[in-house]
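Notes for the one structure printed next.
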Amino acid sequence: AAELEGSGVLVNAVCPGLTATAPGMEAFGARPIPEGAASVVWAATLGDDGPNGGFFRDGKPLPW
């Protein structure tokens with residue numbers, strides 16, 4: 001993120017959380033796939049004024 005600052009490229013990390021990618025994972029508290037994917041879509045569609053150099057889930061910052 002620091003190396004690309006000012007270039008118009010935003011660099012962020014996203015944690016979708018435990019996502020139910022196999023049958024039965026809901027029993028372990030896994031989120032439905034659309035919920036996990038929403039975090040990734042949010043980051044991929046950030047505008048030019050979006051955050052840079054952060055770690056996010058559900059569009060909210062997480063501590064590193």
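The values are calculated or read from the model by the stated rules, or taken from the named source; none is laboratory data. Worth saying up front: this structure is predicted, and the values here are computed from it rather than measured. Reconstructed Cβ throughout: ideal geometry from the backbone, glycine too, with neighbour counts over all protein chains shown. We work out accessible area using only protein heavy atoms, side chains counted, and drop any ligands, DNA or RNA first. Shrake-Rupley method; radii C 1.70, N 1.55, O 1.52, S 1.80 Å.
If you scan region 1-31, which residues turn out to be closer than 30 Å to ASP49 by Cβ, part of a loop (DSSP other than H, G, I, E, B) and of a type in the set (Val, Ile, Thr)? Show your work before the answer.
First, pick out the residues of region 1-31 that are closer than 30 Å to ASP49 by Cβ: 1-17, 19, 31.
If we keep only those that are part of a loop (DSSP other than H, G, I, E, B) as well, we get 1-12, 15-17.
Within region 1-31, VAL9, VAL11 meet the criteria.
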Please find, within region 17-37, the residue that is farthest from PRO61 (Cα to Cα) out of those that are of a type in the set (A, V, I, L, M) and touching a helix residue (DSSP H, G or I) at 6+ places or on another chain (Cβ under 9 Å). ALA20
Determine which single condition ALA2 fails, assuming it passes every other condition in (1) aliphatic (A, V, I, L, M); (2) open to solvent by less than 70 Å² (accessible area, probe 1.4 Å); (3) modelled with pLDDT under 95. (2)
Testing LEU18 on (1) exposed (fewer than 15 other Cβ atoms within 10 Å of the Cβ); (2) out of contact with any strand residue (DSSP E or B) (no Cβ under 7 Å at 6 or more places or on another chain), one condition comes back false. Which one is that? (2)
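Name the residue, out of PRO51, PRO34, that is in a loop (DSSP other than H, G, I, E, B) and either at pLDDT 95 or above or open to solvent by 70 Å² or more (accessible area, probe 1.4 Å) (or both). Spell out the reasoning first.
Numbers: PRO34 fails: in a loop (DSSP other than H, G, I, E, B).
Sole residue among the options that is in a loop (DSSP other than H, G, I, E, B) and either at pLDDT 95 or above or open to solvent by 70 Å² or more (accessible area, probe 1.4 Å) (or both): PRO51.
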